[in-house]
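Asks: Got a structure for you, questions after.
Quick note: the coordinates plus some simple rules give every number you see, no bench work behind them. Only a predicted model underlies this, so the values are computations on that prediction, with no experimental measurement involved. For neighbour counting, all protein chains shown are included, and Cβ atoms are generated from backbone atoms with ideal geometry for every residue, glycine included.
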Amino acid sequence: MKNKYFSRKQLQLLRRGRSYVAPCQLQLKLSDQLLEKQYQPLQQQLLVDLVKKYPNDKKIFNMIEEKTKEEFFKLFSLSNGKIPSTILERAHNERQLISTIQQCLHTHGLILRRISDHTNRFYHIEEKLFHEQCQQYMKQHQDDYELVSSISNMETIVNQHIQKINMALNFLNKDIYQQLVLQRNDIQLKNVYFLFDRSYVKPIFSMESNVTSKLSTYLDNLLRPTIEDILKDTFVDQDFDFIQRLQQPKCSSKLQQTTLLVRIKIQNFFNMFTYQSTVNRIIYLLVKHCKNQPINGVSMIAIESLLELYLKYTLFIFGDYIYTFNHGMPNETRFSTLLSNLCLYYWKTKTFNNNEFLLQYNDELFFTWNQSKENLRIFLLELKEFSDDDIDMDIEYGQQINIRNIHL
């Protein structure tokens, strides 16, 4: 972040990261004026109770009221000495810094967004330009989403989706229906939230209280052990595990002086396929791995139906409209990541042979290449043309490459 708008101390506070909570900010807000305001509901209830209990004893009435107020202020006031002076001073300073950051953003018409890689980096941009980028993203990806209705019809749309899901669940079996049946008060649609991925915006979808939240939690618990068992030999999700796999004979035996290292990052990891293609690939792998046997008593037909419901009926809000997914699924969620990993596994098993070392690191593929560069170029071209699905690949190769935080 360039030091154009913020002071060094302001930047130091911002760089503490998204999980940092400035100390005692709640206590600082509890000024005497606020304490007075917060005491009023208690005072009103107290007066009602005292009038009932001591209707003719005004002296006791006043004494209890006075003592109660005194104890309330003593308990919640900063002057009670329970907060060390050093912490209190720091809290005041950080409160002032937060206030000046907010004022700076307001004065210059800026907004502050963290980078989507979950680090402590932030991106500041003009608010107007940010909203224009969000609108542009939705236009560029309009094939991925289907506009369902205006938010003015939200109640109707949500109730329709609840009815469709409950009806479909009822056709499966009683146990699944009882676990997953939806009520209207369970649902609260969320707006899509945009963060920055380099200089581009990236949508983040919340599944909390979505129409399909129960489905995603249920399916994740049901399918995760099986899917992780399918992936275990060719998949890692941490740097340490990745390095360990590279040191195993399966990889070291493929490394020669002329070996090329290849990294493919799937740019559209969460929307590689249409939802029906996603379901087909997942069911194919589950049936093959489980020999078409039920998973914890749930048949493959039921699992297929539940996956279709999850992918078809997930809703989100952008601006004044309600959308659903045509292509892919909500990104960055635990269950969607699991499904996308399995879809990528399907794709790589259909396109890669066993002559080279191959490892999947979330949305990236790493493999060795011991043939010529020309053969690699031909292979990569064939890879892009393998399927009708639009898989966006960022490809890097050489005898030195970077993958995540690792230089090879």
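Asks: When 1/r is averaged over all different Cα pairs and the result inverted, which Kirkwood radius in Å belongs to the chain? Numbers along the way, then the final one.
Replies: Details: mean 1/r = 0.0383 Å⁻¹.
Kirkwood radius, the chain: 26.1 Å.
Asks: Here's something else I'd like to know. Obtain the nm distance between the two label points defined at HIS131 and LEU381 by a simple spin-label model: each point lies 7 Å from its Cα along the Cα-to-C-beta direction.
Replies: My value for the distance between the label points is 4.8 nm.
Asks: What whole-number distance in Å separates the alpha-carbon centres of region 130-192 and region 89-106?
Replies: 39
Asks: Determine the distance separating the Cα centre of region 234-305 from the Cα centre of region 341-408; give it in Å without decimals.
Replies: So the separation of the two Cα centres works out to 13 Å.
Asks: Which whole-number percentage describes the relative contact order of the chain, with Cα contacts under 8 Å and a sequence gap of 6 or more? If you can, show how the numbers build up before the last one.
Replies: Numbers: 464 pairs, mean separation 74.4, N = 408.
Computed value for the chain: 18 percent relative contact order.
Asks: If you build the Cα gyration tensor of region 255-397 and take the root of 5 times each eigenvalue, what three semi-axes come out, in whole angstrom, biggest first? It would help to have the intermediate numbers written out before the result.
Replies: On the way: eigenvalues 197, 79, 28 Å².
Rounded to whole Å, the semi-axes are 31, 20, 12.
Asks: Quick query: amide H of LEU195 versus all other amide H atoms, modeled in the peptide plane; which residues come in under 5 Å with a sequence gap of 5 or more or a different chain?
Replies: When sequence neighbours closer than 5 places are left aside, the close amide H contacts are LYS202, ILE204.
Asks: Using helices alone, what [θ] at 222 nm do you get for the chain, with -39,500 (n - 2.57) per DSSP H run of 4 or more residues, divided over all residues and rounded to the nearest 500? Show your work: numbers first, answer last.
Replies: Numbers: 15 runs with 207 residues, N = 408.
Computed ellipticity for the chain at 222 nm equals -16500 deg cm²/dmol.
Asks: Then there's this: If one takes the longest principal axis of the Cα atoms in the chain, at what angle in degrees, from 0 to 90 and to the nearest 10, does the Cα axis of helix 154-170 lie?
Replies: In the chain, helix 154-170 runs at an angle near 60 degrees to the longest axis.
Asks: I would also like to ask the following. Which trypsin sites (Lys or Arg not before Pro) does region 263-293 hold that lie in a coil by DSSP with at most 11 other beta carbons within 10 Å? Kindly include the intermediate steps, with their values, before the conclusion.
Replies: Details: sites: ARG263, LYS265, ARG281, LYS288, LYS291; in loops: LYS291.
Those that pass, being in a loop and sparsely packed, are LYS291.
Asks: What ³J(HN,Hα) values, in whole Hz, does the Karplus curve 6.51 cos²θ - 1.76 cosθ + 1.60 give for region 252-262 when θ = phi - 60°, with x put for Gly and Pro?
Replies: 4, 5, 9, 8, 10, 4, 9, 5, 8, 9, 10
Asks: Please build a GNM for the chain, connecting alpha carbons under 10 Å apart, and tell me which residue among LEU75, LEU215, LEU260 fluctuates the most.
Replies: So, out of LEU75, LEU215, LEU260, the one fluctuating most is LEU75.
Asks: While we're looking at this one, here's another question. If you build a Gaussian network model of the chain, linking Cα atoms that sit under 10 Å apart, which residue out of ILE283, ILE64, ILE204 swings the most?
Replies: For the chain, modelled as a Gaussian network with Cα springs under 10 Å, the answer is ILE64.
Asks: Using a Gaussian network model of the chain with C-alpha springs under 10 Å, which one of VAL192, VAL298, VAL158 is most mobile by mean-square fluctuation?
Replies: Checking each option, the largest mean-square fluctuation is seen for VAL298.
Asks: Taking the alpha-carbon distance from LYS4 and a cut-off under 20 Å, which lysines remain once sequence neighbours fewer than 8 residues away in the same chain are dropped?
Replies: The qualifying lysines are LYS128.
Asks: To continue, here is another question. Would you please name the chymotrypsin sites (Phe, Trp or Tyr not before Pro) within region 321-352 that are DSSP coil residues with at most 15 other C-beta atoms within 10 Å of their C-beta?
Replies: Those that pass, being in a loop and sparsely packed, are PHE352.
Asks: Check cross-link reach from LYS214 to the lysines: straight Cα distance under 22 Å, and skip same-chain residues fewer than eight apart.
Replies: LYS164, LYS174, LYS190, LYS312
Asks: Count charges around ILE317 for me, please; just the other residues with Cβ under 14 Å from its Cβ, Lys/Arg as +1, Asp/Glu as -1. Kindly include the intermediate steps, with their values, before the conclusion.
Replies: Details: positive: LYS190; negative: GLU146, GLU155, GLU208, ASP320.
Once all neighbours under 14 Å are counted, the net charge is -3.
Asks: Let me ask something additional. Considering region 330-408, what Rg and Dmax in Å follow from its alpha-carbon atoms?
Replies: Computed over the Cα atoms of region 330-408, radius of gyration and Dmax are 13.5, 39 Å.
Asks: Trypsin sites (Lys or Arg not before Pro) within region 137-210: which are DSSP loop residues with at most 16 other Cβ atoms inside 10 Å?
Replies: LYS190, ARG198
Asks: Work out the FRET efficiency for PHE171 and GLN140 from their Cβ-Cβ distance, taking R0 = 35 Å, and round it to the nearest 0.05.
Replies: Efficiency computed from Cβ-Cβ geometry: 0.40.
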